[in-house]
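Below is one structure, written out as structure tokens, with a few remarks after it.
Bear in mind these aren't lab numbers, they're just calculated from the coordinates by the rules spelled out. Everything quoted here is computed from the prediction, not taken from an experiment. Cβ sites come from the backbone with ideal geometry, for glycine too, and all protein chains shown count toward neighbours.
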Amino acid sequence: MISGESNAAAPAPMSTFGSPANTNPNKSYEVVQPPSDGVSSLSFSPKANHLIATSWDNQVRCWEIMQSGANFNSTPKAAIAHDNPVLCSAWKDDGTTVFSGGCDKQAKMWNLLSNQSMQVAAHDAAIKDMAWISEMSLLVTGSWDKTLRYWDTRQPNPVHVQQLPERCYALSVRYPLMVVGTADRNLVIFNLQSPQKEFKRIVSPLKFQTRCIAAFPDQQGFLVGSIEGRVGVHHLDDAQQGKNFTFKCHREGNEIYSVNSLNFHPVHGTFATAGSDGAFNFWDKDSKQRLKAMTRCSQPIPCGTFNSDGSIYAYAICYDWSKGAENHNPATAKTYIYLHQALESEVKGKPRLVAQTRK
Amino acid sequence: MMKKELCRNFLRGNCRYGDKCKFLHSTQQQQQQQQQQQPRANPFGFGAQTGTPFQRTNTQQQKPNPFRFGTQAGASFQQTNTQQQKPNPFGFGVQNSSPSTGASNFGGQQTKIFKPFENKWTRSSSAAGASSTPSQQQAKQSQAADHECTDPEACKHIIAKDLEQEKPLWKLTCYSHSKDLPCDITGDVSYEELRAVAYDEAKRGVNLQSIVERERSLLNSKLNEFQSLLHNPYSRREDPGPFPGAPSPVASTSTPPPAVRHPNPPSVSSFGQLGPSLNIGPAAPPNNVFPFQNPTQPVQTPVAIRPTTTPFAPSASNFFSQTGGSPFGNSLSFNSNSSNNQSSMLSSSFPASPQFTNFAITQPSMLLNGPSHVGDGQEPALKPSESVQKVFSGDAAIWAKEKWNPGEIPEEAPPDEFIR
């Protein structure tokens, strides 16, 4: 358990591998005491600027983030451990409790006020993604055992087990819409008002492996990101199918990187993508523009997230295994978590313009 | 003053800013940059070519990640960095580079009305970049949207194009040559799955060399699959090669796999070696460290996964109430093995409550009332002692159906006789 003292705001990182700009070209604030191995998920509290990171070092860590304008400060608060790498996390809507799950096939519920944790879910294989559905007071977990399970945290047995066509790779909930992406390009859509049956099952509009999913805040559709440097924008309503499109991103010359994270801005309805190329971008799907392209970092970004009011975009820089075990060097591999101040000019939607003036 | 990024408009042939443009306007600069970036051929700075020699220490007990190993000059995953700049890499214009009206695919679009299939922002049009007019793109788009596998040559062409231009860096992937169709190649492996296996093996003391070799052979098998797809685009119907993590404890080598849509492929391809270590399938019952058991349901087919039995919790409010006939009763049948375990726990944890009447129709919560309670008679075989196979006898017709409506899709694997 980490109970660190407050540290002064870290200056530009003193990296020993190349110039500091290499690991932090966007001059983001570096969160102190990052995990010792790769980060698998990042999650901000819905009620405060508390950041959770789950990691391949089996830990779930919590920092308190203070922000004043462009300045940040981070304080490690606490941590819990699993027996195996932790893959996903979710906050309860009241901001007091954190759920985490991973390769130990369990999900834990961690009450931050009491600093107690207990197991609340079990699967037959690793839990890849999860979400807290506040409208139902249930935790839904998706696993590589090809099931979704709904958990009332007071009960040891799942409230419901939903079979999936394949292993769950990603899920996204915007009540009552839930979209689950599985292996082999299945996308299963649920209406959480009747969760025991699939609302729709479709094939991904992308040609390669599904990597991440984000449901629209207005529940009209969802985004799907794949390993082929492409994001699909898909609407559920048959009448809106004409608005579906895909676009390419996170590509560099001939190299096609995967889109690892899709996150909607909580206020503006724009979204961020983060990729294995080490870049993150902000996009507006309604005007079909990229709002801001950030500079590529020297390592992949496996995950990103906005805070509750959209003023901060947190992202992790670490190896994501996109090049296999042989390119993982734990002796030299470093993990960073950065906070980017999300300026309105970067994340606010813009009308499509024919010609633009340069400033 | 070095400008960093190349100007996309200039590469397309028309940049309105000319010399005043804040992006690079020269192909010579491109080569310069290329040379500068050569030492950075591996943009992530890992996989150091001069990595420490292979070490193996297993003394790191306190570290959750016990393996320490150096790297080799890992070549097989890296792509050569050819630095080819595509004229319109995103398929639509970007804010920063202020596209001029003609160059951007959408910049010239004044209309706000979306017509069906007028998607211009997909890959088929973007490769042609500046030269495509909206009408050309529209034609291409409708072709892409309506792809049917009638002509193997056409399919081959698409596959070849994809393998050349759309080849992602991550190779262990499924693939379909058309976005509306199911996968031609199945057997997805995600980054996390590969990593989880590697970590698990390292924990068990497998050395780096073996891990890397296993990953490499997985990669090679997958690359071979893609190659054979290229030569025979319709081979998938015979040989889809399901993912190794399929819940089969038996690591068999390429047995003829079943149809692609089988939710629980009973056989594995040559990736079978990955299967047991991925531990995705029905795991041994976990240690009951926790106050509650982890109830498991026996397999319905020899290799199906075991979902837990799920008596609906009394507190789970009404949103699980039945909305018409669904084949739910099929999925949650008891088995004599676990029923003993179940009944005691159930009786203590889930007392029958009035709320259950909501579920009475086909929900399995009726099972709490005892095996004799059958529900609406859809399936007569919901008794603990019944063989599970019989559950399907009433509803076997569902497996013979060609097309399932939402809500009818059975949750369980089909019984053996339906496996093609």
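A few notes on this one:
- Highest mean first, the peptides A:310-316, B:197-203 sorted by other C-beta atoms within 10 Å per residue fall in the order A:310-316, B:197-203.
- For chain A, adding -39500 (n - 2.57) for each run of n ≥ 4 DSSP H residues and dividing by the number of residues yields -500 deg cm²/dmol at 222 nm.
- Ratio Rg/Rh [Cα only; Rh per Kirkwood] for the range A:54-121: 1.02
- A crude spin-label estimate for the pair A:THR332 and A:LYS27, with each label 7 Å from Cα along the Cβ direction, gives 2.8 nm.
- Other protein chain C-beta atoms within 10 Å of residue C-beta, averaged over B:183-190: 6.
- Segment A:ASP218-A:ALA70, extension gain: residue separation times 0.36 nm, minus the distance between their alpha carbons: 50.3 nm
- Estimated FRET transfer efficiency (B:GLN209, B:HIS231; beta-carbon r; R0 41 Å; 0.05): 0.80
- Over the range A:209-359, the alpha carbon radius of gyration divided by the compact-protein estimate 2.2 N^0.38 Å works out to 1.07.
- Residue mean of other protein chain beta carbons inside 10 Å, A:205-216: 5
- 3J(HN,Hα) along the range A:240-248, derived from phi through the Karplus expression 6.51 cos²θ - 1.76 cosθ + 1.60 where θ = phi - 60°, amounts to 9, 4, x, 8, 5, 7, 10, 9, 9 Hz, with x in place of Gly and Pro.
- Computed on the Cα atoms alone, the convex hull of chain A gives a volume of 143 cubic angstrom per residue.
- Given A:LYS288/B:LYS161; A:LYS108/A:LYS350; A:LYS146/B:LYS171, the pairs whose alpha carbons are separated by over 32 Å: A:LYS108/A:LYS350
- Entries in A:LYS323/B:LYS4; A:LYS348/B:LYS167; A:LYS348/B:LYS4 that, when Cα-Cα distance is taken, lie over 30 Å: A:LYS348/B:LYS167
- Packing-based exposure ordering (other Cβ within 10 Å, fewest first) of A:ASP129, A:ASP284: A:ASP284, A:ASP129
- Evaluating 6.51 cos²θ - 1.76 cosθ + 1.60 at θ = phi - 60° for every residue in the range A:112-117, the Karplus couplings come out as 6, 6, 8, 6, 9, 9 Hz, glycine and proline recorded as x.
- Amide H contacts under 5 Å for A:ARG174, placed H, 5+ residues apart: A:VAL179
- Peptide A:183-195 has a mean of 5 when you count, residue by residue, the C-beta atoms of other protein chains within 10 Å of its C-beta.
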